[in-house]
Amino acid sequence: MSRLRNLMFPLMLALILGGLSAWLGRISEVKLEEVALKADEPQYLMTQMRGVRFAEDGSLGESLSAERAWQLPEKRYVHFQSPELHLYQNGRQQYQVRSAQARYDTETRQVLFDREVLLDKPADGERPAAQVSTASLTVDTRAQTAYTDQAVNYRYGRSSGSAHGMRYDHKQGRLDLPAKVKALIYDTDSQR
């Protein structure tokens, strides 16, 4: 009988602890319920936002600010109200673009600026300041290019003009105006 009592205590303790574990496991379960998001309502909304991306060497690469930003569920585009994009190289600002609205493609890292677009490039040691205004402009932040097929007005140092469409390649320091170009051009050497 004493042997039976010696076996009963550990057996009872195991049953009580097992029951307690099962009860604690049951009351601590968190039931998650997935709620489908509405496709036409933002998944998130930010106000007075600013995002910064750094280059591989740790220097500032680009910054994007806006009054509002939002993304719809399961879409790769982020929409912006009053955006301003600054692109840098070796920590120095290369150019900035601002507009009334924009859409950023998270996969291609291209920004489509729309309505009242203004591209500013400050003067540097090699080239004078430049400014382009247009209705829409696509900026490829990886390739450092900007292009549009809309009417543009531009200033490059003291030179100015208009055209239908443009392509700007920052790496080459080249502005191409493919059609209907009207220009007043001054020698760039005298503009520095």
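The values are calculated or read from the model by the stated rules, or taken from the named source; none is laboratory data. These figures come from a predicted structure and were not determined experimentally. With ideal geometry, Cβ positions are generated from the backbone for all residues, glycine too; neighbour counts draw on all protein chains shown. What goes into the accessible areas is simple: the full protein's heavy atoms, side chains included, and nothing from ligands, DNA or RNA. Shrake-Rupley method; radii C 1.70, N 1.55, O 1.52, S 1.80 Å.
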What lysines does Lys182 reach when the alpha-carbon gap must be under 20 Å and sequence neighbours fewer than 8 apart in one chain are set aside? none
Under unit Cβ charges (Lys, Arg +1; Asp, Glu -1), what dipole magnitude, rounded to 20 debye, does the chain have relative to its Cα centre? 380
With the Cα gyration tensor of the chain giving a ≥ b ≥ c as the square roots of its eigenvalues, does the rule (a/c under 1.5 for rounded; else a/b larger than b/c for prolate; else oblate) give rounded, prolate or oblate? prolate
By a straight-distance test (C-alpha under 24 Å), which lysines pair with Lys180 as possible cross-link partners, with residues fewer than eight away in the same chain excluded? Lys121
When every protein chain stays in place and a 1.4 Å probe is rolled, Asp169, Asp40, Asp176 sorted by accessible area with the largest first are Asp40, Asp176, Asp169
Could you tell me the accessible area of Thr141 in Å² (1.4 Å probe, neighbours in place), rounded to the nearest ten? 10
Got a sec? Charge dipole of the chain, +1 on Cβ for Lys and Arg, -1 for Asp and Glu; which of Pro83, Tyr44, Ala100 is way out at the positive end? Tyr44
Under 26 Å Cα-Cα from Lys75, which lysines qualify once same-chain neighbours fewer than 8 residues away are excluded? Lys38
Please work out how much accessible surface His164 shows to a 1.4 Å probe, ignoring ligands, DNA and RNA, in Å² rounded to 10. 80
Compactness check, region 102-192: C-alpha Rg relative to the 2.2 N^0.38 Å globular estimate gives 1.08
